[in-house]
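**Student:** Provided herewith is a single structure, encoded as structure tokens, for subsequent inquiry.
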């Protein structure tokens, strides 16, 4: 039987899924994003007059994860046990990873994706004065665990 989209009723109207009958379990999700930056922008990061762009972006990602249900209409508000957002400078930009954990009745994939996305957007905001051509790429769910659907790990296509 093919899977169906759970956020629609039989008449095709958007709906919030009723999770009231589900038992809380430990759930975790990791997501990633990449922000391409030119060498000149990377070199200027420590001298940014707005502050440390990577630290501001890290905090923005944590704050965004906590507000996911305010941003994504059908997401349930969740008690987040932990949010970790990390930045790694690379030769051509910033690699961002987020990890979100809860003990709840529904998963935290969206919270992890929102954390990585907003962190990437914040890097853009903090650096846009130097280059409007900054690109945000490869926002993806990397891994999830817990819940009825079980685990998931992203498989990367080799090029």
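The values are calculated or read from the model by the stated rules, or taken from the named source; none is laboratory data. Every value quoted in this text rests on a predicted model; they were computed, and no experiment measured them. Neighbour counts run over all protein chains shown; Cβ positions are idealised from the backbone, glycine included.
**Student:** So how many residues does the range 40-49 have that are surrounded by fewer than 20 Cβ atoms within 10 Å (Cβ to Cβ), more than 21 Å from residue 115 (Cβ to Cβ) and touching a residue at least 12 places away in the same chain (Cβ under 8 Å)? Write out each step before concluding.
**Tutor:** Within the range 40-49, the subset surrounded by fewer than 20 Cβ atoms within 10 Å (Cβ to Cβ) is 40, 42-49.
From what's left, more than 21 Å from residue 115 (Cβ to Cβ): 40, 42-44, 46-49.
With the extra rule that they be touching a residue at least 12 places away in the same chain (Cβ under 8 Å), the set shrinks to 40, 42, 44, 48.
Adding up the residues that qualify gives 4.
**Student:** Oh, and also: Among 119, 65, 57, 31, which is surrounded by 19 or more Cβ atoms within 10 Å (Cβ to Cβ), in contact (Cβ under 8 Å) with a residue 40 or more places away in the chain, within 15 Å of the chain's Cα centre (by Cα) and outside any helix (DSSP H, G or I)?
**Tutor:** Just one listed residue meets the conditions, 31.
**Student:** In the range 20-35, which residues are over 20 Å from residue 112 (Cα atoms) and modelled with pLDDT of 80 or more?
**Tutor:** Within the range 20-35, 22, 23 qualify.
**Student:** If you take the residues of the range 142-159 that are under 15 Å from the mean Cα position of the chain (by Cα) and under 15 Å from residue 34 (Cβ atoms), which of them is modelled with the lowest pLDDT?
**Tutor:** Only one residue tops the list, namely 154.
**Student:** Mind checking which residues of the range 81-91 are crowded, with 16+ Cβ neighbours inside 10 Å and out of contact with any helix residue (DSSP H, G or I) (no Cβ under 6 Å at 6 or more places or on another chain)?
**Tutor:** Hit for the range 81-91 is 84, nothing else.
**Student:** Of everything in the range 82-116, what is assigned to a strand (DSSP E or B), more than 16 Å from residue 137 (Cβ to Cβ) and touching a residue at least 40 places away in the same chain (Cβ under 8 Å)? Give them in sequence order.
**Tutor:** 99, 100, 101, 102, 103, 104, listed by residue number.
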